[in-house]
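The block underneath contains the structure these notes are about, expressed in C-alpha cells.
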C-alpha cells in the first residue's frame, strides 16, 4: 500500500523531471472587444491555411482525427465512413440551423438513423429527459464548431437552443464540422471573442455552457493509468470544410 509520503514523493519527482513551465500572465481586457474580434477575423482571412495547419497538427497531437473536404455536401460521405468503420447505426445532431446545413436527409440515405435536436429549447422536464436519452444511446454525435484554436487543437462549442451540449458529450464518437470562419490562433484571441459575445449580446447561442474540447475524454486514476471515454467521447473527429458553410 502506498503511503502518503511515498505518494507525495512521486509527485515531487514527476514535477522535477517535467520541463520548466512557461510563466502565465493575465491577459488585458480589450477596451473594444467587438472591434478587436473583427480585426482578428480580417487578419485570419489572409492566412487561414497556416492557422488550419497549426490546428491540424495540434489536434492530431491530442489524438483527434482530422478530415478535410471541399464542400458541405461531402460531409455525409465522411460521416458515413466513420459510422461504417464503427458499425454505428444511430446519430444525434445539432439542429440544421445551428449546424449551418441540413445533413439529415443525406445521412439517412446512407443508412443512419438521424435524431436532429429541436430548434427550440424543450419546455418540459420529460421532453428534456427524452432528448438526453436519445443522445446517450446514439453512436455518433454531430455538431458544428464556434471556435477552433490552433494553439491547442481545441474545439469551442457554445450550448443553446438546437445545440445541446449532450450532443458532443454523451455519444462515444463526436464529429465536429467547421470552416475557416471558426479558426483562431490562440486562447488569448478566444478571450477577445468571449468578451465581444458578452459585450454586444450576440453570442452564437444563449446557452449556459461554453465547452472547450481538446481531444477525446481522458481520465487517469491515482496510479496514472489513462483511460479514454469515461467522462466523454472516446473519439473526436473534426471535418474542415473548405468552402464557407453559411455562404
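Throughout, read-outs are computed from the coordinates displayed, never taken from laboratory work. Keep in mind it's a predicted model, so treat the numbers as computed, not measured. In this analysis, Cβ positions are derived from the backbone assuming ideal geometry, glycine residues included, and neighbour counts consider all displayed protein chains.
In percent, rounded to a whole number, the relative contact order of the chain is 26, using alpha-carbon pairs under 8 Å and six or more apart. Working from label points 7 Å from Cα in the Cα-to-Cβ sense, the residue 200 to residue 130 distance is 3.8 nm. Once the chain from residue 73 to residue 89 is taken as fully extended at 0.36 nm per residue, the excess over their C-alpha distance is 3.7 nm. Label separation (residue 45 vs residue 28): 2.5 nm, computed from points 7 Å beyond Cα along the C-beta direction. Per residue of the chain, the DSSP helices (runs of n ≥ 4 H) give a summed -39500 (n - 2.57) that works out to -12000 deg cm²/dmol at 222 nm.
This structure gives mean projected area of the Cα convex hull in nm², computed directly, and of (1) 11.6; (2) 16.6; (3) 15.2 that value is listed as (2). In terms of other Cβ atoms within 10 Å, 197, 94, 48 run from fewest to most in the order 48, 197, 94. How high is the FRET efficiency from residue 113 to residue 13, r the C-beta distance, R0 41 Å, rounded to 0.05? Here the calculated transfer efficiency is 0.20. Computed on the range 59-196, with alpha-carbon pairs under 8 angstrom and 6+ residues apart, the relative contact order is 24 percent.
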